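**Student:** Structure in structure tokens, see below.
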Amino acid sequence: MTLTGSDPTGGAGIQADILTLASLGCHPVSVITAVTVQDTAGISDFMVMEADLVNDQARYLLEDMPVMAFKAGLLGSVENVAIVAQLAGDYPEVPLILDPVLTSGSGDEFADEDLIHAMRDILLPQVTLLTLNSIEARRLAANDPDDEDTLTLDGAAQRLLALGCEAVLINGTHENLREVVNILYTQDGTARSNHWERLPGSYHGAGSTLSSAIAGLMATGMPLEEAVSDAQEFTYQTLLNAYRPGMGQHIPDRLFWAREGADDDEAGEGGDEREN
């Protein structure tokens, strides 16, 4: 079950989650927490769903179908944070992957300080895995705004783990390094890093792809660390095959594997025709 905002471009949000989960062989069910007006260049406006409607969407589905993992993204209000925390509390055996969308890729604010405090106080203790970029990690972990500038990623991760989540995955897209370094921190004190080539261009939806891929793999029973590793490889392949459907950012191709097969078939058919 994915609980997040709608992105009409299909680049991020609930549409990206659905594509990713379906690509990995899962059946996605969805709860819309916000509606956005946006294109591939940025957001014009957004509206957060009333908490009762978010709760009803989720509860009706949960009473009808078994759900093997929760993935939460853009929640948009303190009330919606509370709804997701209650869902996680009622289904403690179901892993919860949280990708806390605090701002859009173009810098639009989705979270004020009240919402961030609600996430820290009532939602993070329910979270199996927190996935976020380095900017979000520092903001969510900071005790005050001035603290963000001095926090190391290791320090931010330790604070987030101390708030109760079982594991934290920080991606290094926004760090000024030649490679993108993603680091998984766990409660046992270990930190495992994966290094990825930094690709040229600007991408919309990589975080949604990564977090929903982890949720989908965990829904099949895969252990957390293995799911994190495989989801990173999947996400990297979607970025290698990304395309630019509009005038803004590139969008990851979550169905890259299907198009590769089609390209091979077309190449084979073309070869036969040339031979004839």
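**Student:** Can Gln126 be described as closer than 30 Å to Ser229 by Cβ and out of contact with any Leu (no Cβ under 7 Å at 6 or more places or on another chain)?
**Tutor:** No, not satisfied.
**Student:** Restricting attention to the stretch 217-257, report how many residues are free of Cβ contacts under 8 Å to residues at least 60 places away in the same chain, among the aliphatic types (A, V, I, L, M) and farther than 22 Å from Val180 by Cα.
**Tutor:** Of the residues in the stretch 217-257, 1 are free of Cβ contacts under 8 Å to residues at least 60 places away in the same chain, among the aliphatic types (A, V, I, L, M) and farther than 22 Å from Val180 by Cα.
**Student:** Select, from Ala16, Ala22, Ala58, the only residue that is under 24 Å from Met247 (Cβ atoms), of a type outside the set (S, T, N, Q) and either in contact with a helix residue (DSSP H, G or I) (Cβ under 9 Å, 6 or more places away or on another chain) or part of a helix (DSSP H, G or I) (or both).
**Tutor:** Only one candidate qualifies: Ala16.
**Student:** Please name all residue pairs, on different chains or six or more residues apart, with Cβ atoms under 8 Å, provided the first residue is in the stretch 193-216 and is farther than 10 Å from Ala12 by Cα and the second residue is at pLDDT below 90.
**Tutor:** Arg198/Leu177; Arg198/Arg178; Ser202/Gly105
**Student:** Within the stretch 212-242, take every residue that is farther than 11 Å from Leu21 by Cβ and among the polar types (S, T, N, Q) and give me the one that is surrounded by the most Cβ atoms within 10 Å (Cβ to Cβ).
**Tutor:** Looking at residues that are farther than 11 Å from Leu21 by Cβ and among the polar types (S, T, N, Q), I get Thr235.
The values are calculated or read from the model by the stated rules, or taken from the named source; none is laboratory data. As the structure is a prediction and not an experimental result, all values here were calculated from the model. FYI the Cβ positions are ideal-geometry reconstructions off the backbone, even for glycines, and counts take in every protein chain you see.
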